[in-house]
Amino acid sequence: MAAPVHPGDAGLIAKLQGGRPVALAPEDTARVVEALREAIGIVLEQPPQQIADGSRLFDDLGLDSIDVFDVLDQLAERFEANVALEDLPPDFVRGKEGVTFKDFADGILTYFRTPPKAKPAAPGRSGAAPSGAGPGAGPA
């Protein structure tokens, strides 16, 4: 069963379902920041209003790398949009000291505003047949 839609989230959900990059209006930005604050509050069992912009997530609040996955799951559930960990700054995923709530929120907003990273082509997938293969490659 899908999570209930928060009032005003429907437009942002539709934008995010269109894929990245997403043009976020100021109200969308505020909604994402609010959702992150709520998600961190749920994961850490703290009132969201106690999570200040300057709160250091991993130092002051005790967030760890497993909690980051839970926060991103909360965000994905609310906005029906997954966050690709490989496209996030490693400091957010590994839990680098000094990362503030504002840093994390800005990173998530940047993630939504930028196109996905290009994935490298799989080795041997150039479309050409391997050497010695194909019609007429057998013994003469």
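The values are calculated or read from the model by the stated rules, or taken from the named source; none is laboratory data. The model shown is predicted, which means the values in this text are computed figures rather than measured ones. Every residue, glycine among them, receives a Cβ derived from its backbone with ideal geometry; neighbour counts consider all protein chains shown.
In segment 70-81, which residue that is touching a helix residue (DSSP H, G or I) at 6+ places or on another chain (Cβ under 6 Å) and free of Cβ contacts under 8 Å to residues at least 40 places away in the same chain is nearest to residue 12 (Cα to Cα)? Once the filter is applied, the top-ranked residue is 74.
Results for (1) modelled with pLDDT of 95 or more; (2) surrounded by 12 or more Cβ atoms within 10 Å (Cβ to Cβ); (3) of a type in the set (Lys, Arg); (4) within 28 Å of residue 15 (Cβ to Cβ), shown as yes or no for each residue.
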residue	(1), (2), (3), (4)
46	yes, yes, no, no
51	yes, yes, no, yes
68	no, yes, no, yes
83	no, yes, no, yes
87	no, yes, no, yes
90	no, no, no, yes
98	no, no, no, no
117	no, no, yes, yes
122	no, no, no, no
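Here the condition is being touching a Leu at 6+ places or on another chain (Cβ under 7 Å), within 24 Å of residue 113 (Cβ to Cβ), in contact (Cβ under 8 Å) with a residue 24 or more places away in the chain and in a helix (DSSP H, G or I); of 16, 12, 36, 63, it holds for 36 alone. Taken over segment 5-51, the criterion of being under 14 Å from residue 75 (Cα atoms), within 16 Å of the chain's Cα centre (by Cα) and not β-branched (Val, Ile, Thr) is satisfied by 12, 16, 17, 28, 31, 34, 35, 36, 37, 38, 39.
Residue 102 meets the stated requirement of being over 10 Å from the mean Cα position of the chain (by Cα) and modelled with pLDDT of 95 or more. Considering the conditions (1) in contact with a helix residue (DSSP H, G or I) (Cβ under 7 Å, 6 or more places away or on another chain); (2) closer than 21 Å to residue 115 by Cα; (3) in a loop (DSSP other than H, G, I, E, B), residue 104 is excluded by exactly one of them, (3). Please specify each residue of segment 48-64 satisfying the condition of being of a type outside the set (A, V, I, L, M, F, W, C) and in contact with a helix residue (DSSP H, G or I) (Cβ under 6 Å, 6 or more places away or on another chain). 48, 53, 55 - these are the residues of segment 48-64 that are of a type outside the set (A, V, I, L, M, F, W, C) and in contact with a helix residue (DSSP H, G or I) (Cβ under 6 Å, 6 or more places away or on another chain).
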